[in-house]
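Data first, discussion second: the structure below is written as structure tokens.
A short reminder: the numbers here are calculations on the coordinates, not readings from a lab. Since we're looking at a predicted model, the values are computed, not measured. Using ideal geometry, Cβ is built from the backbone for each residue, glycine included, and neighbour counts are taken over all protein chains shown.
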Amino acid sequence: MSRKPIIAGNWKMNLLQEEGKELFNGIKTFAKNFSESQLPTIVVAPTFLSIPAVASCKHNCGCGCEKVAIAAQNCHWKSSGAYTGEVSVEMVKDAGCEYVIIGHSERRQYFSETDEMINLKAKAILAGGLIPIICCGETLEQREAGITDEHISSQIKAALDGISSEDVAKSVIAYEPIWAIGTGKTCDADEANRVIGMIRNVVKEVSGSEAAASIRILYGGSVKPSTIEEQMSKSDIDGALVGGASLAAESFNEIISNTMKVSV
Ligand code: 13P
């Protein structure tokens with residue numbers, strides 16, 4: 001089965017509204033030159049506050065905006081109520097999002113997100129008709145202790161617990177080794193492919209072979225225009241979740257065009 005690649009940009013806590021709009025314009029203008037079938041699925045994840053600015057152009061006006069999907073970087077699992085500072089699935093959907101990133105290591109580390117919360121979020125996102133991008137990854141200490149696979153397998157099993165195979169099939173997982181995030185140290189492509197293959201086996205075990213064959217699993221961690229071709233040439237890597245290099249249209253667009261050289 002061939003899986004359509006995804007190139008997703010996680011803007012993290014960067015860019016003011018106008019800057020986000022400008023970056024989005026640079027990406028959509030590039031995407032406009034290609035048909036949907038030539039392009040990978042392109043996703044950008046602005047801050048909550050920049051989502052409306054970026055989404056204001058999503059009217060199928062033919063400017064290329066329809067080729068760039070929007071993700072939120074987080075959401076709450078409850079639909080409404082007294083949860084100061086939080087944003088629901090319905091709210092991010094209403095603002096124009098089709099995807100939500102959950103379980104990013106920065107949220108696990110700095111905001112104490114647990115596997116249980118990530119599972120609740122994944123269920124709420126799918127119930128709301130959006131697609132979760134579920135992040136997982138090991139620390140350097142875990143890698144050095146030889147418990148990478150065990151750790152990631154338990155993160156994935158917890159995140160997918162109680163989710164139907166059909167919903168798992170349309171979800172996205174991002175394998176982001178923590179030691180490779182923002183460090184310039186990319187995980188060796190063969191090793192990233194091995195871990196992603198292992199994740200696919202875990203999905204097969206919990207959700208069956210159809211879901212395992214359909215789910216798209218991305219690599220994230222210091223992805224650059226110069227690394228993406230080798231990464232995309234590997235059997236199990238279905239795309240990239242890009243941080244730093246997604247903050248400039250030039251480098252993000254180059255990642256997209258290099259992806260198109262190898263797959264799509
Ligand atoms: P960098 O590409 O900056 O390493 O960030 C990766 C990441 O955390 C994407 O979610």
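Structure summary
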item	result
Separation between Cα centres of the stretch 169-245 and the stretch 43-115, rounded to whole Å	21
Of His151, His104, His76, the one that fluctuates the most in a GNM where the chain has Cα springs shorter than 10 Å	His151
Relative exposure of Val168, Val43, Val262, judged by other C-beta atoms within 10 Å (fewest first)	Val262, Val168, Val43
Selection from Asn119, Val223, Leu130, by position along the positive dipole direction of the chain (Cβ)	Leu130
Options Ala145, Ser171, Val203, ranked by Cα towards positive dipole end of the chain, top entry (Cβ charges)	Ser171
Overall dimensions of the stretch 1-136 as given by Cα atoms, namely Rg and Dmax in Å	15.0, 45
Cysteines not pairable in the chain (beta carbon separation under 4.7 Å absent)	Cys61, Cys63, Cys75, Cys97, Cys135, Cys136, Cys187
Rounded D (µm²/s) - the chain, Kirkwood Rh over Cα pairs, Stokes-Einstein at 25 °C, 0.890 mPa s	135
Residue with peak Gaussian network fluctuation, the chain [Cα springs, cutoff 10 Å], from Leu140, Leu126, Leu23	Leu140
Loop GluC sites (Glu not before Pro), the stretch 171-264, which have at most 10 other Cβ atoms in a 10 Å radius of their Cβ (DSSP)	none
Equivalent ellipsoid semi-axes, the stretch 111-264, via Cα gyration tensor eigenvalues times 5, rooted, Å	24, 18, 15
Distance (nanometres) between label positions extended 7 Å along Cα→Cβ at Ala158 and Ala213	3.1
At 1.002 mPa s and 20 °C, Stokes diffusion of the stretch 65-145 via Kirkwood alpha-carbon radius, µm² per second	160
The stretch 204-223 residues near the modelled Glu166 label - backbone nitrogen below 14 Å, point 7 Å along Cα→Cβ	211
Flagged links, alpha-carbon separation over 32 Å, of Lys78/Lys185; Lys28/Lys121; Lys78/Lys234	Lys78/Lys185; Lys78/Lys234
GluC sites (Glu not before Pro) restricted to DSSP loop in the stretch 1-89 with at most 15 other C-beta within 10 Å	Glu36, Glu86
Residue with peak Gaussian network fluctuation, the chain [Cα springs, cutoff 10 Å], from Ile173, Ile118, Ile147	Ile147
Exposure proxy ranking, count of Cβ atoms within 10 Å, fewest first, for Asp94, Asp149, Asp167	Asp94, Asp149, Asp167
For the chain, the longest site-free run once chymotrypsin sites (Phe, Trp or Tyr not before Pro) in DSSP loop states with at most 14 other Cβ atoms within 10 Å are removed	112-264
Charged-residue dipole, Cβ positions (Lys, Arg, Asp, Glu), the stretch 54-204 about Cα centre, Debye nearest 20	400
The stretch 59-107: radius of gyration and largest Cα-Cα distance (Dmax), Å	13.1, 40
Ranked Thr227, Thr183, Thr84, criterion: other C-beta atoms within 10 Å, fewest first	Thr84, Thr183, Thr227
